[in-house]
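Can you keep this structure in mind? I'll have questions shortly.
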Amino acid sequence: MAENKTVTMEKLVSLCKSRGIIFPGSEIYGGMGNTWDYGPVGVEMKNNIKRAWWKRFVQESENSFGVDAAILMNSRVWDASGHTTSFTDPKMDCKECKSRHRADTLIEAHSKGKVNPDAMTNEEMEAYIQEHHVCCPVCGKFNWTGIRTFNLMFETSRGVTDENQNKIYLRPETAQGEFVNFLNVQRTTRAKVPFGIAQIGKAFRNEITPGNFIFRTIEFEQMEHQWFCKQGTDSEYYALFKKKAWDFLIDLGFSPEHLRYKDHDKLAHYAKEACDIQYLFPMGWSELNGIHNRTDYDLSRHQEYSGKSMTYIDPVDNSRYIPYVVEYSIGADRLMLAVLSEAYEEQTLEGGDVRTVLHLHPAVAAYKAAVLPLQKNLAPQAKEWHAKLSKLFMTAYDEAGSIGKRYRRQDEIGTPYCLTVDFQTLEDGTVTVRDRDSMEQTRLTLEEAIRFLTEKVAFN
Ligand code: GAP
């Protein structure tokens with residue numbers, strides 16, 4: 001099994017806070033459990049992750065189309081999808097310290113991942129906790145309530161007076177916005193099955209046991225892609241999306257040793273096949289994304305609950321059917337955590353110095369280049385370079401401190417190239433280009449630097 005290097009969650013949280021990647025949410029008010037704010041560097045990285053995903057799954061796909069559906073949807077959507085009745089977690093309260101826990105998480109932690117509670121009923125989980133005397137992780141006592149199910153959807157209401165308020169929900173997944181628009185997209189694009197609908201957007205879940213930094217939060221972004229296909233071809237596409245999801249991660253720079261497929265032990269009643277790709281996070285192997293063969297369940301349910309036909313009419317043979325759906329779903333924030341964790345290294349240099357460096361794919365790095373005047377009196381020339389490069393790329397500028405310290409600051413946020421303006425720049429118009437990973441340096445003119453950066457920062 002692969003070792004996951006020097007990175008710990010504490011180190012990541014601390015680096016993110018000190019370098020403007022991610023801050024605790026509402027920090028000046030003492031924070032708000034499990035919310036996080038992306039800072040100037042983090043917002044660029046997350047946007048770049050989303051762009052890379054969109055490029056791969058929409059732009060480069062012959063037959064996939066994007067939507068941006070409303071977060072607030074008609075409540076009947078959630079009745080049809082099953083979320084109002086079944087989107088629950090098994091919760092237990094510690095009667096001693098009043099802390100609240102998920103029974104499945106308690107079992108997973110107690111058994112160190114050896115027991116998979118996904119396949120257990122509530123009664124079986126209760127029995128396990130009793131038999132193994134699983135104590136409260138907060139106070140160490142053993143005095144539990146029974147398991148109660150707890151719906152994860154955040155409720156709100158719409159209406160102008162108290163009397164006519166209707167309960168609505170913050171969407172717990174983006175997928176339903178893709179399902180309800182299936183025929184809108186099909187008609188307006190004239191797409192033929194098979195085709196895909198993709199969406200990136202916020203989702204909200206009242207998670208009882210959130211934690212592990214941005215791994216599990218109550219507000220997060222999902223990148224979801226539904227592939228609508230004919231029954232009989234579904235398993236072939238399921239296999240294809242398993243591979244596409246894996247290849248995307250490899251192309252982002254993940255080591256295959258830190259990734260693995262994990263088939264679901266217990267399938268949802270509508271699912272034919274389902275698996276996760278797990279990543280070796282600092283806290284251990286955990287789900288990074290999911291791939292599901294959801295059959296015709298979602299569209300059939302929407303047809304039933306809305307009374308509107310979800311039938312596709314094949315223009316070639318005039319056959320009519322409700323397509324099957326293969327879903328690929330990944331959290332943008334969870335992927336961000338995996339990307340940071342994969343990229344983090346504390347590297348001991350010749351002479352014993354240690355540098356912290358994020359070996360990010362240049363497409364993900366917040367800044368593609370940093371322009372650094374060797375000395376302050378070279379600032380005018382350096383600012384000219386910065387102005388020209390920032391028309392094309394996110395480019396940082398830094399003139400504070402020694403050049404070594406400035407390199408380290410850029411290494412810590414993963415800037416792939418530092419361009420140093422020095423006295424030779426005044427003579428021949430070239431700058432030193434320092435590579436973040438190898439720390440090797442070459443000299444390039446502005447035109448050469450633009451060509452070089454354009455090639456290096458592309459995500460292909
Ligand atoms: N439409 C299917 C669906 O929502 P899911 O497994 O519940 O499936 C898909 O979520 C992905 O969304 C997960 O693999 C994970 O990457 C991300 N995700 C789910 N819950 C999350 C949370 N509370 N915080 C951050 N990311 C989450």
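So which residues in region 139-190 are part of a strand (DSSP E or B) and hydrophobic (A, V, I, L, M, F, W, C), if there are any at all?
Once the filter is applied, which keeps residues that are part of a strand (DSSP E or B) and hydrophobic (A, V, I, L, M, F, W, C), region 139-190 yields Trp144, Phe150, Ile168, Leu170.
Okay, moving on. Quick one: which residue in Glu257, Glu304 is more than 20 Å from the chain's Cα centre (by Cα), surrounded by fewer than 18 Cβ atoms within 10 Å (Cβ to Cβ) and either modelled with pLDDT of 95 or more or hydrophobic (A, V, I, L, M, F, W, C) (or both)?
Glu304
Here's another thing I want to ask about it. Does Lys192 count as within 12 Å of the ligand (Cβ to nearest atom) and assigned by TED's automatic domain parsing to the domain that holds Ile22?
Against the criterion (within 12 Å of the ligand (Cβ to nearest atom) and assigned by TED's automatic domain parsing to the domain that holds Ile22), Lys192 does not qualify.
Report, by residue number, each residue of region 372-383 that is surrounded by 14 or more Cβ atoms within 10 Å (Cβ to Cβ) and out of contact with any Asp or Glu (no Cβ under 8 Å at 6 or more places or on another chain).
Gln381, Lys383, listed by residue number.
Right, another one. Which one of Ile129, Ile49, Ile28, Ile107 is in the same structural domain as Gly253 (by TED's automatic domain parsing), in a helix (DSSP H, G or I), of a type in the set (A, V, I, L, M) and more than 24 Å from the chain's Cα centre (by Cα)?
Of Ile129, Ile49, Ile28, Ile107, the one residue that is in the same structural domain as Gly253 (by TED's automatic domain parsing), in a helix (DSSP H, G or I), of a type in the set (A, V, I, L, M) and more than 24 Å from the chain's Cα centre (by Cα) is Ile28.
Can you name every residue in region 151-178 that is surrounded by 15 or more Cβ atoms within 10 Å (Cβ to Cβ) and over 21 Å from the mean Cα position of the chain (by Cα)?
The answer is Asn151, Ile168, Tyr169.
Checking Ser309 against (1) under 30 Å from Ile450 (Cα atoms); (2) more than 16 Å from the ligand (Cβ to nearest atom); (3) small (Gly, Ala, Ser): exactly one of these is not met. Which one?
Tallying (1) under 30 Å from Ile450 (Cα atoms); (2) more than 16 Å from the ligand (Cβ to nearest atom); (3) small (Gly, Ala, Ser), Ser309 fails exactly one: (1).
Moving on to the next point. Could you please give the count of residues in region 327-362 that are more than 24 Å from Ile197 (Cα to Cα) and not in a strand (DSSP E or B)? Spell out how you get there, then give the answer.
Here is the first cut: in region 327-362, the ones more than 24 Å from Ile197 (Cα to Cα) are 337-362.
This time we only want the ones that are not in a strand (DSSP E or B), so: 337-343, 349-353, 359-362.
Count: 16.
Here's another thing I want to ask about it. Run down Ser329, Ser286, Ser319 and say which single residue is more than 16 Å from the ligand (Cβ to nearest atom) and either within 30 Å of Lys114 (Cα to Cα) or assigned by TED's automatic domain parsing to the domain that holds Gly232 (or both).
Ser319
If you don't mind, another one. So, in region 202-221, exactly how many residues are among the charged types (D, E, K, R) and more than 7 Å from the ligand (Cβ to nearest atom)?
Result for region 202-221: 3.
The values are calculated or read from the model by the stated rules, or taken from the named source; none is laboratory data. Predicted model only: the values in this text are computed from it and were never measured. As a convention, Cβ positions derive from the backbone with ideal geometry for all residues, glycine included, and neighbour counts pool all protein chains shown.
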